[in-house]
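Let me begin by presenting the structure, written as structure tokens, before commenting on it.
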Amino acid sequence: MATTRKSATNTGTDSDGFTAEERAAMKERAQELRPTKRRGSKKVDGETALLEKIAEMPPADRAIAERIHAIVTEAAPELEAKTWYGMPAYAKNGKVVCFFQSADKFKARYATLGFNDPANLDDGTMWPTSFAVTKLTAADEKKVGALVRKAVG
């Protein structure tokens, strides 16, 4: 039985298997890692870069990202604000603890608050590391604050 291979045009991916959004994120990450030593260029501090990325988001995601930024900076002021693959992120000792992924970033159905390995969220043998976010209620904001405090604890 012969199998057919989907073309890049049918899947939304390039011939290398990455979507245009994924390729853009990889380029953003490469830019974040590149030192700015060119004449006339100035290094943008992490929080400024993060706030610029939030400002570029569609209104619904921007509102969520702004609240998450306020919650994270209040709950864990020791975290360093930065961008990571072009997304708002918060790091401890140079390692990203948590990040916010706009729904628009990868054309997803919902935005995501994610936690990486340095986050101390361990709870038994299985625990969540990302959360879908469609809006933030007062209870959600408390939960995010508690998760961030636990993650850096």
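Taken together, the values in this text are just the output of simple stated rules run on the coordinates, not laboratory data. Since this is a predicted model, take the numbers as computed values, not measurements. In this analysis, Cβ positions are derived from the backbone assuming ideal geometry, glycine residues included, and neighbour counts consider all displayed protein chains.
Computed quantities for the displayed model
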| item | result |
| --- | --- |
| Residues TYR85, TYR110, sorted so that the one with the fewest Cβ neighbours within 10 Å comes first | TYR110, TYR85 |
| Estimated vicinal HN-Hα couplings, Hz - the range 115-131 in sequence order (Karplus 6.51, -1.76, 1.60; Gly, Pro = x) | 10, 9, 3, x, 6, 8, 9, 3, 8, x, 9, 7, 7, x, 10, 8, 9 |
| 5 angstrom amide H check on VAL133, placed H, neighbours 5+ away | ALA111, THR112, LEU113 |
| Inter-label distance, nm, simple model (7 Å from Cα along the C-beta direction), TRP127/GLU22 | 2.9 |
| Debye, to nearest 20: dipole size of the range 47-153, +1 on Lys, Arg Cβ, -1 on Asp, Glu Cβ | 220 |
| Rg and Dmax [Cα atoms of the range 49-153; Å; Rg one decimal, Dmax integer] | 12.7, 38 |
